Structure formats: C-alpha cells, structure tokens
Amino acid sequence: MAATLLLRVSVSWLCRKRRLYAESVALVSSRGMASKTSVGFIGLGNMGSPMAKNLVKHGYPVIAYDVFPEACKEFQELGTQVTDSPADVAERADRIITMLPSNPNVMEVYTGTNGVLKKVKKGSLLIDSSTIDPAVSKELAKEAEKMGAVFMDAPVSGGVGAARAGNLTFMVGGVEQEFDAAKELLTCMGSNVVYCGEVGTGQAAKICNNMLLAISMIGTAETMNLGIRLGLDPKLLAKILNMSSGRCWSSDTYNPVPGVMEGVPSANNYQGGFGTTLMAKDLGLAQISATNTKTSVPLGSLAHQVYRIMCAKGYAQKDFSSVFQFLREEESL
C-alpha cells in the first residue's frame, strides 16, 4: 500500500516536473521568436548608430534608414537591411525607433512625402528618441493615432559613451498600456527606462535635464579654468571637486579639460560626443517652454546665449564640453 502511494507521488512529481519544463521551453521559444521580429531604426548618427547596434546584439534584425547613405555602410556590412526611405521602413517593420537632430527632421521623417505615416501599419509602435519640442511629439501622436498606430516620445540621456555601452537613460511619454512594449526594446539600449506620463512628458524631462547639464558644464569649465590660473594641477583640482560638494557629472564623468580624463571628447580635441549646435538647440527648446509656462530661468538663458555664441565662433560641430576651450580663447582676445 505504502509502495503504491509512493509510486503515485513519484509519478505525479515527474509529470509536474515535465510540465514545468515544457512551459519553460515554450516561454524561451516565444521569447526567441519575439527577438527575431524586425525593428525599424531611422537616424544612424553619433547616437543612433550605437543604439541600433545594441538592438542587433540583442537579437533584433534591424531595418535601417539614414538620409546620408554613408551612415548605412557599416550596417550593410553587418547584414542589416537598409531601405530607401522612412516609408519603406514602415512597410517592413511594425516597431520603429527614430533618433534625429531636430523638430524639422522628425516632422519630415514622419509626415514627409516618403514619411513613416505614409505606409505605417495599423498597430505599429513608433518610438521617437530625438530631443524635440513636447508640442511636436503631441502633434505626431495625434497623426499616428489617425493611422491606427501608437507614438511615444523616449528621449535619452547619457551621451555617446552610454549609447555604445547600452547604459542610456530613456524618459518615456505616451500611453501607459504601451510602456511595457516600448521598454522591451529600450532596455536593449539603456539601463534606465522611466515612464514619465502622457506624450510629451519624456521630452519635458529631457529638456529640463539638458538645461541643467549645460549650466553645470559651463560652471565646471569656469571652475577648472580659474583653478588652473591659480596654479592648481587640473587633475588634482578635478579629484578634489569630485570628493567635495562641487561634484557633478560634468566634473567626474565628462570633464571638459584636456588631459584630465581618458575616453571623453576633451581628450580627442572635442570630437564626437554631443555637439555644441545640439546643445544650443535643446536650450532653445527649454527657452520656448519657459516662455510658454512663464517660468524664470536666468541661468538657462545665459547658458543658451553662451552656446549660441560658440556656434557662431566655430564650435558648432565640437562637443559641448568645448566651452572650456571657448572660455580660454575668449580671455586672450
């Protein structure tokens, strides 16, 4: 009797174990199938290129497009499909990520003659990681909805280094029920994916962040310059700042002084990274938002002025940390 009972228990346990194993295999299989669903990626610049590469590394076949054909060559060599227009991307993929420089670029990619919305499929998920005016994101969300698609804004923070490492922070705005679907892709490119609220709130968080970043970078550059003028070794000064109350991202991760840190634009004649012209653009967006909400942003306004002057004086294509070099050159005039 006891032996029979023991046999029944053993058989039951074995069946349960087999069922759990089968369910596990099915789950892994379904995830594997999901990972093979193509993802469209439009905009293969300094940020977009490493972001798209991280999607490929995570098993997503990427269908790519960039207005500059040379930007696509590396992806063609990787076996990635490259299309002739954003509309072609929309025709081949129902999940699309865009990473573009400014409002006009985003509008053209989505609503232009050969834009995404010309051939977008119903049920498609459109994620824009550009930094643009929140009002533009809201407008595009309405246009996408008319076509039966979902548009979400998901601007990023972290710079080119974080894009390469897959450590970006995404600030996401859109329909909350779609957040998990967006997060599935965004976690392949970032370590932090934060839901901010309705469409446009991701952009709001981003322009606030970049205004603070611009202010802190100018402050770090001024501080380092003053310390050097006072006879301090720049590496020693940076070390002291980074163990004191003046510590910030601009001082401990992205120092603007050549020779203080490796692997940052200041160590490479301010090449790569986040361009001065883009910082000026983002500060302009912050100014528009401040005006619309009647918000006082005196330091943000001054930072905007500094970066606009830099653009006019030959720094437009250099990384925004070149404000250190700009201040040094201004002293010699």
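The values are calculated or read from the model by the stated rules, or taken from the named source; none is laboratory data. Please read these numbers as outputs of a predicted model, since none were measured by experiment. Cβ: placed from backbone, ideal geometry, glycine included. Neighbour counts: every protein chain shown. Ligands, DNA and RNA are stripped out before the accessible areas are found, and what is left, the full protein with its side chains, is counted by its heavy atoms. Shrake-Rupley method; radii C 1.70, N 1.55, O 1.52, S 1.80 Å.
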Filter pass, GLY166 being closer than 27 Å to ASP282 by Cβ, modelled with pLDDT under 95, touching a strand residue (DSSP E or B) at 6+ places or on another chain (Cβ under 8 Å) and open to solvent by 10 Å² or more (accessible area, probe 1.4 Å) | no
Is it the case that some residue within the range 319-329 is in contact with a Gly (Cβ under 8 Å, 6 or more places away or on another chain), touching a residue at least 40 places away in the same chain (Cβ under 8 Å) and of a type outside the set (Gly, Ala, Ser)?
-> yes
Condition met for ALA165 (more than 11 Å from the chain's Cα centre (by Cα) and within 28 Å of THR253 (Cα to Cα)) | yes
Right, VAL156: in contact with an Asp or Glu (Cβ under 6 Å, 6 or more places away or on another chain) and either open to solvent by less than 10 Å² (accessible area, probe 1.4 Å) or not hydroxyl-bearing (Ser, Thr, Tyr) (or both) or not?
-> no
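So, of the residues in the range 141-171 that are among the aliphatic types (A, V, I, L, M) and free of Cβ contacts under 8 Å to residues at least 40 places away in the same chain, which turns out to be nearest to LYS206 (Cα to Cα)?
Within the range 141-171, the subset among the aliphatic types (A, V, I, L, M) is 141, 144, 147, 149-150, 152, 154, 156, 160, 162-163, 165, 168, 171.
With free of Cβ contacts under 8 Å to residues at least 40 places away in the same chain added as a condition, the list becomes 144, 147, 149-150, 162, 165, 171.
Values: ALA144: 22, MET147: 27, ALA149: 24, VAL150: 21, ALA162: 16, ALA165: 20, MET171: 7 Å.
In this case the residue turns out to be MET171.
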Answer yes if at least one residue in the range 130-139 is among the small types (Gly, Ala, Ser), within 19 Å of LEU100 (Cα to Cα) and surrounded by fewer than 18 Cβ atoms within 10 Å (Cβ to Cβ), and no otherwise.
-> yes
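Tell me, which strands (runs of 3 or more DSSP E) wholly within the range 3-108 include 1 or more residues that are of a type in the set (S, T, N, Q) and either at pLDDT 95 or above or loosely packed, with under 15 Cβ neighbours inside 10 Å (or both)?
Working: elements: 39-42, 62-65, 95-98.
Fully inside the range 3-108 and qualifying: 95-98.
Do we have any residue at all in the range 82-91 that's among the aliphatic types (A, V, I, L, M), in contact (Cβ under 8 Å) with a residue 40 or more places away in the chain and touching a strand residue (DSSP E or B) at 6+ places or on another chain (Cβ under 6 Å)?
Yes, because at least one residue in the range 82-91 is among the aliphatic types (A, V, I, L, M), in contact (Cβ under 8 Å) with a residue 40 or more places away in the chain and touching a strand residue (DSSP E or B) at 6+ places or on another chain (Cβ under 6 Å).
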What tally of residues in the range 292-313 results from selecting those that are among the small types (Gly, Ala, Ser), open to solvent by 40 Å² or more (accessible area, probe 1.4 Å) and within 18 Å of ALA221 (Cα to Cα)?
-> 1
Just a yes or no: is a residue in the range 122-142 part of a helix (DSSP H, G or I), among the aliphatic types (A, V, I, L, M), under 19 Å from ALA64 (Cβ atoms) and touching a helix residue (DSSP H, G or I) at 6+ places or on another chain (Cβ under 7 Å)?
-> no
Filter the range 250-288 for residues that are buried (at least 20 other Cβ atoms within 10 Å of the Cβ), closer than 15 Å to ALA221 by Cβ and not aliphatic (A, V, I, L, M) and give the result.
-> SER250, SER251, TYR254, ASN255, PRO256, PRO265, SER266, TYR270, GLY273, PHE274, THR276
Elements of type helices (runs of 4 or more DSSP H) in the range 258-333, at least 1 residues being under 25 Å from ALA163 (Cβ atoms) and at pLDDT below 95 = 276-292
Scanning the range 233-245 residue by residue, the ones that are open to solvent by 70 Å² or more (accessible area, probe 1.4 Å) and either of a type in the set (Gly, Ala, Ser) or over 13 Å from PRO258 (Cα atoms) (or both) total 5
Could you tell me which residue of the range 49-90 is nearest to THR113 (Cα to Cα), considering only residues that are touching a Pro at 6+ places or on another chain (Cβ under 8 Å) and among the polar types (S, T, N, Q)?
-> GLN81
If we keep only residues of the range 314-333 that are of a type in the set (S, T, N, Q) and open to solvent by less than 90 Å² (accessible area, probe 1.4 Å), then the residue farthest from LEU213 (Cα to Cα) is GLN325
